Structures are given as C-alpha cells and as structure tokens.
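Q: Handing you this structure, nothing more for now.
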Amino acid sequence: MASADQPLVSIITPSYNQAHFLGDTLRSVIEQDYPHVEYLVVDGGSTDGSLDIIKKYAGKLDWWISEPDQGQADAINKGLARAQGEIVAWLNSDDLYRPGAISAAVAALQQHLDAGMVYADLDSIDRTGRVFNTIHYRQFSLLDLLSFEIIGQPTVFMRRAVFQQAGPLDTQYRYLLDHQLWLRMLQLAPAVYVPQVWAAARHHAHAKNVGEAAGFGGEAMRILAWAGTQPALREVIAAHHRQVLAGAYVFDARYQLDGGQTAAALRSYARVASLQPQRLLRHLPRILFALLSLLGLGGLRRLFQRREY
C-alpha cells in the first residue's frame, strides 16, 4: 500500500504497432524495484501483434485498452486522466527504464519538495538495445527551454498536482508535445536535474526523431509563436530575444541535418551566425558534417560520422 514515504507512481505507455519493442518496454516497468507502481497501457488499435504482447503481461498491468485514438498526445492524455499516482510519467513503447529509475525519481522529488518535475540523463540505443551514446543534461531554466535545450522525455517524472494545474498535452503538437508541456509546468514549479541515467530512448527507422526528423524545426517555431502569447514567457523572450531565436535555429538545423535536409540545415546555421555567432563554436562538427554532405564527399562524411558518434 502506498504511503507518504512511498507514494503511488503511475506510468503510462502509449502504444501503436511497436510489437518488436513493446515487450522490452513493458518489462522495464514491471521489473522496477519500486513497490507502488500503477501501470497503464493505452494502445491505439495496433494490428501487428502488440495486443498479444499486452495480453501476455495483462496480469501485471493495472489497466489497458486498445482502441483508435487521435495520436500519441491523445493516448497519453487518456492514460494520465485515469492515473491515481501522486507522481506520473509516460514511457513510449520503444523506450526503456533503467533498473531503479522509479525509486530514484521518487527520492529526488521527496528531496526537492518545490519541484514540479525531475529529469535525468538518457542512453541512446539502437534496435538491438546497444547503447551508442549517453546524453548528459544539466540544470535547465525556463530560458534554456525557451532556447530549445531539450530534456530527455523518458527520464521525466512529474507531480500529478502540477501536471493537472498545467493541463493535458496539447494534441496540436506531434513532435514537441512534451517540450510544450514542460514550458507550461516550469511556469508553475521548477524542474530538477539528477545526474543519473534513468532511461533509454531507442533510435530506429520508424521513430519520429529519425523518420520524421525534418518536422521538428517547424514545430519549434510554432511553439515560439505560442510562447509569445503567454505573458510570463513573452517577458523572457523579449529580454533574451537573440538567444531564444538562435536556440530555435540551432534546434532546427540539427533535425534538418538528421532528416537529410542539408541545405536547409546550413541556412538555419547561417541564421544562428547572424544572431549569436559564438554559439556556432559548439556546433562546428555538425556544420562540417553538413558541408561534407552537401559537397558529396561520402567517404569523408562517413569517417567523420564514426568519429562524432
């Protein structure tokens, strides 16, 4: 039974046609050492065998459903609306929690009573689960997030009371639905970074951050337009206009390059040069990567890619 020392934690997994990875995701939650977990799976009507996997683990789930939905944000909102935990999070059906992640997140929220959410470092894994990178974050401010410093969503755990005050995920966003929510939550309570690895994000051909990479930058600009309508955010943007815009263009360039849109990426880097040229120093390897790609120097490009990753 949950208690003040060990509050109930609700985890939601939105799922749609990810049978190849879903079992690993479910086990990474079910096998956590924290004793009070409510686990809800919201499937969007999968047709690839996902239901057989969900049914296999149904005895370990507190609730699940499979029915058509309006996309990822809608599925997560559906689960969060049913969640009873004091702490809530979602884990996508191709990602993983590392052992002890939930216990560590609860401890962090208990240590930082003013925090609305906590987050940690993130492994990047391939289809087989092999780690090819670990992303180390830092303590981010509201200005950092407005400048598109990105938090690894699978590592985030939220106080349900703060999430409910901020409101559900906005279903108008497909790529940065989490980032827009963090911006709303950080206006209510701080986010606290914990220098531990809590989760792994899987990179594969059908993941949005791979197969639809070029769509991220446009959504970042939409979020900036929305932020300009929010009084508290508008004030921060006005005071740091060049930094915020430079951050948005850096973000756009990164995803354009990942999506194979090399010329578009270089145009965004040129915008960064006009706003905050010193910021380009951190991104010289990726700019060189883009130039090699544009020039068609395939062999050098592959050599450089191996060195970067």
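Q: Would it be correct to say that S141 is surrounded by fewer than 16 Cβ atoms within 10 Å (Cβ to Cβ) and hydroxyl-bearing (S, T, Y)?
A: yes
Q: Out of A58, A19, A75, I need the residue that is assigned by TED's automatic domain parsing to the domain that holds A200 and within 16 Å of the chain's Cα centre (by Cα). Which one?
A: A75
Conditions (1) under 23 Å from L113 (Cβ atoms); (2) among the hydroxyl-bearing types (S, T, Y); (3) assigned to a helix (DSSP H, G or I); (4) in contact with a Lys or Arg (Cβ under 8 Å, 6 or more places away or on another chain), marked per residue:
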{"position": "P14", "(1), (2), (3), (4)": "no, no, no, no"}
{"position": "V41", "(1), (2), (3), (4)": "no, no, no, no"}
{"position": "T47", "(1), (2), (3), (4)": "no, yes, no, no"}
{"position": "D52", "(1), (2), (3), (4)": "no, no, yes, no"}
{"position": "K55", "(1), (2), (3), (4)": "no, no, yes, no"}
{"position": "G59", "(1), (2), (3), (4)": "no, no, yes, no"}
{"position": "A75", "(1), (2), (3), (4)": "no, no, yes, no"}
{"position": "G85", "(1), (2), (3), (4)": "yes, no, no, yes"}
{"position": "A89", "(1), (2), (3), (4)": "yes, no, no, no"}
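Q: Can you tell me which condition L292 does not meet? The list is (1) surrounded by 15 or more Cβ atoms within 10 Å (Cβ to Cβ); (2) under 25 Å from D178 (Cα atoms); (3) modelled with pLDDT under 90, and all the others hold.
A: (2)
Q: Now for a separate question. Looking at (1) out of contact with any His (no Cβ under 9 Å at 6 or more places or on another chain); (2) at negative phi, which is the only condition P190 fails?
A: Failed condition: (1).
Q: Checking the condition of a type in the set (A, V, I, L, M), at pLDDT 95 or above and assigned by TED's automatic domain parsing to the domain that holds T13, which residue from A248, A201 passes?
A: A201 is the lone residue from the list that is of a type in the set (A, V, I, L, M), at pLDDT 95 or above and assigned by TED's automatic domain parsing to the domain that holds T13.
Q: For the stretch 219-289, please list each of the helices (runs of 4 or more DSSP H) lying entirely inside it that holds at least 1 residues being within 19 Å of the chain's Cα centre (by Cα), touching a residue at least 24 places away in the same chain (Cβ under 8 Å) and crowded, with 20+ Cβ neighbours inside 10 Å.
A: Those helices (runs of 4 or more DSSP H) span 241-258.
Q: Could you please tell me which pairs satisfy a Cβ distance under 6 Å, a separation of 6+ or placement on different chains, a first residue in the stretch 84-106 that is not assigned by TED's automatic domain parsing to the domain that holds G45, and a second residue that is at pLDDT 95 or above and surrounded by 21 or more Cβ atoms within 10 Å (Cβ to Cβ)?
A: Qualifying pairs under 6 Å: none.
Q: Assigned to a strand (DSSP E or B) and either farther than 17 Å from I151 by Cα or charged (D, E, K, R) (or both): is that true of D121 in this structure?
A: It is true that D121 is assigned to a strand (DSSP E or B) and either farther than 17 Å from I151 by Cα or charged (D, E, K, R) (or both).
The values are calculated or read from the model by the stated rules, or taken from the named source; none is laboratory data. If you're wondering where the values come from, they're calculated on a predicted model, not measured in any experiment. Neighbour counts run over all protein chains shown; Cβ positions are idealised from the backbone, glycine included.
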